[in-house]
Amino acid sequence: MSTTPLAEPIAFPEPAERDVIARAEVLVTSPDRNFVTLRVTTADGVVGLGDATLNGRELAVASYLGDHVVPLLVGRDAQRIEDTWQFLYRSAYWRRGPVTMAAIAAVDTALWDIKARRAGMPLYQLLGGASRAGLLAYGHASGRDVPALLDSVRRHLDEGFRAIRVQTSVPGVRTVYGVASQPTTTGTRYDYEPAQRAVVPAEEDWDTRAYLRHIPGVFEAVRGEFGPALPLLHDGHHRMRPVEAARLGKALEPYDLFWLEDCTPAENQEALRLVRQHTTTPLAIGEVFNTAWDYQTLLREQLIDYVRGSVTHTGGVTALRKVADQAATYQVRTGFHGPTDISPVGMAAALHLGLAIHNFGIQELMPHSPRTREVFRTSYTFTGGYLHPGDEPGLGVGYDDEAAAAHPYEPAYLPFTRLHDGTIHDW
């Protein structure tokens, strides 16, 4: 009786000596806000950067990287990007989650940066080349009242923006997400960054009924002032129940929004069926998602029009490219998350990806502070309402250690929200 011999496993060839990862460093700095950066260096000195920032939980990702991921990287082949992604995702067994996926994203982005730098070309060329000349960007106008909001829209148009997100205070509510000129516990608000430097989160208040009464009139005023052609966006920031979101989407239809973002908490994906049934206002969802699997129901049932993931929080360039390709099969476009709690490294990666894919929709742009730009030296540009990642090899971002060292980590947390009766609500 003969037996079939067991097949011998096929071993990967040894990596070229220059491609071996020699060092991986976790860098934390706080120029106006906290950033976590992974710097990977190959044996021959090629450096790649990845963004691992998770707003309000930065040190958790820094620890995950430093304690559990960096020891696994040293000695690996920097050229094997997909294999490294799968290894970090599947070998941990406890998959997904924002901390894990931000860490994987940092490694993935750094390896793409290395590959493109070694090739001597900008990353978008490795991703298939440019699909457009530039990326339409939207800015963030806000005001404590309608006259202040209209002034903010004018300033953004003067700065070159061709699409505007509109956020405003609500009568009877002290503080509202997305409005820059309101008081905080620290007395300042950097850009539109709501994370406040403190050892505990700040408490804000909320009244959904007051919001639903107020917002349609705001858009009526903006359309009356700026006409029908200007693309206008609005962020509901997860604060409405499905029926409330449906009501708002219906009420905003006369003002032809480019999109209504995060109208209801997206964990309950089936809730978007009700919203979709009642409004034709385009819907954008996904900034709190962290894997491609989070989008399955929304895309398969065509419940949204734009995916809002970020390279930093969705597992890197490799994973977000898969989300974009999946979305394209359902005629869904991208609107990648681009706030100031994504570092210039993460922003640059989004621009390279957005330039290459076919189903790009729009790119969020919240300009980083001068101090942040001293730490992260970038090559991307904003001209005439459009972003471009630049043509330097790799991501086109450098990291200045001396500038970073001048800004040590400081605790900072995003706020939380209570209703007027004291119930904790979605912020």
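Looking only at the stretch 257-266, decide whether some residue is of a type in the set (A, V, I, L, M), open to solvent by less than 20 Å² (accessible area, probe 1.4 Å) and assigned to a strand (DSSP E or B). Within the stretch 257-266, one or more residues are of a type in the set (A, V, I, L, M), open to solvent by less than 20 Å² (accessible area, probe 1.4 Å) and assigned to a strand (DSSP E or B).
Among the residues of the stretch 90-142, those identified as touching a residue at least 40 places away in the same chain (Cβ under 8 Å), over 30 Å from residue 221 (Cβ atoms) and among the aromatic types (Phe, Trp, Tyr) are 112, 124. Restricting attention to the stretch 287-307, the residues that are in contact with a Phe, Trp or Tyr (Cβ under 8 Å, 6 or more places away or on another chain), touching a residue at least 40 places away in the same chain (Cβ under 8 Å) and in a loop (DSSP other than H, G, I, E, B) total 1. Any residue that is touching a residue at least 40 places away in the same chain (Cβ under 8 Å), outside any loop (DSSP other than H, G, I, E, B), within 14 Å of residue 376 (Cα to Cα) and open to solvent by less than 40 Å² (accessible area, probe 1.4 Å) - is there at least one of those in the stretch 19-30? Among the residues of the stretch 19-30, at least one is touching a residue at least 40 places away in the same chain (Cβ under 8 Å), outside any loop (DSSP other than H, G, I, E, B), within 14 Å of residue 376 (Cα to Cα) and open to solvent by less than 40 Å² (accessible area, probe 1.4 Å), which makes the answer yes. Residues of the stretch 135-164 that are part of a loop (DSSP other than H, G, I, E, B) and over 21 Å from the mean Cα position of the chain (by Cα): 144, 145, 159, 160. Note on the stretch 341-376: residues that are out of contact with any strand residue (DSSP E or B) (no Cβ under 9 Å at 6 or more places or on another chain) and acidic (Asp, Glu) amount to 1. How many of the residues making up the stretch 308-322 are in a loop (DSSP other than H, G, I, E, B) and β-branched (Val, Ile, Thr)? Qualifying residue count for the region: 3.
So that you can scan it fast, the table gives a plain yes or no per residue for (1) under 22 Å from residue 359 (Cβ atoms); (2) at pLDDT 95 or above; (3) open to solvent by less than 30 Å² (accessible area, probe 1.4 Å):
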residue: 203; (1), (2), (3): no, no, no
residue: 210; (1), (2), (3): no, yes, yes
residue: 221; (1), (2), (3): no, yes, no
residue: 229; (1), (2), (3): no, yes, no
residue: 270; (1), (2), (3): no, no, no
residue: 274; (1), (2), (3): no, yes, no
residue: 279; (1), (2), (3): no, yes, yes
residue: 293; (1), (2), (3): yes, no, no
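In the condition set (1) of a type outside the set (D, E, K, R); (2) open to solvent by 50 Å² or more (accessible area, probe 1.4 Å); (3) farther than 25 Å from residue 361 by Cβ, residue 97 is compliant with all but (2). A single member of 56, 66, 48 is among the small types (Gly, Ala, Ser), modelled with pLDDT under 95 and out of contact with any Ser or Thr (no Cβ under 7 Å at 6 or more places or on another chain), and it is 56.
Whenever a residue of the stretch 392-403 is farther than 11 Å from residue 113 by Cβ and without any contact (Cβ under 8 Å) to a residue 40 or more places away in the chain, its partners that are in a helix (DSSP H, G or I) and not aromatic (Phe, Trp, Tyr), lying with C-beta atoms within less than 6 angstrom and at least six residues away or across chains, give the pairs 400/375. Taking (1) among the polar types (S, T, N, Q); (2) in contact with a Leu (Cβ under 7 Å, 6 or more places away or on another chain); (3) open to solvent by less than 10 Å² (accessible area, probe 1.4 Å) in turn, residue 55 satisfies each apart from (3). Residue 69 passes all but one of (1) over 20 Å from the mean Cα position of the chain (by Cα); (2) open to solvent by 30 Å² or more (accessible area, probe 1.4 Å); which number fails? Among (1) over 20 Å from the mean Cα position of the chain (by Cα); (2) open to solvent by 30 Å² or more (accessible area, probe 1.4 Å), the lone unmet condition for residue 69 is (2). Considering only residues that are in a loop (DSSP other than H, G, I, E, B) and under 20 Å from residue 287 (Cα atoms), look in the stretch 231-256 and name the one that is most open to solvent (accessible area, probe 1.4 Å). Ranking the qualifying residues of the stretch 231-256, first place goes to 241. Screening residue 61 on (1) part of a helix (DSSP H, G or I); (2) under 30 Å from residue 338 (Cα atoms); (3) open to solvent by 90 Å² or more (accessible area, probe 1.4 Å) shows it passes everything except condition (3). Candidates in the stretch 116-134 are the residues that are crowded, with 19+ Cβ neighbours inside 10 Å and closer than 19 Å to residue 44 by Cβ; of these, the one that is nearest to the chain's Cα centre (by Cα) is 116.
The values are calculated or read from the model by the stated rules, or taken from the named source; none is laboratory data. As the structure is a computational prediction, the values presented were derived from the model and not from experiment. Methodologically, a virtual Cβ is constructed for each residue, glycine included, from the backbone with ideal geometry; neighbour enumeration extends over all protein chains shown. Surface areas here come from the heavy atoms of the whole protein model, side chains and all, with no ligands, DNA or RNA. Shrake-Rupley method; radii C 1.70, N 1.55, O 1.52, S 1.80 Å.
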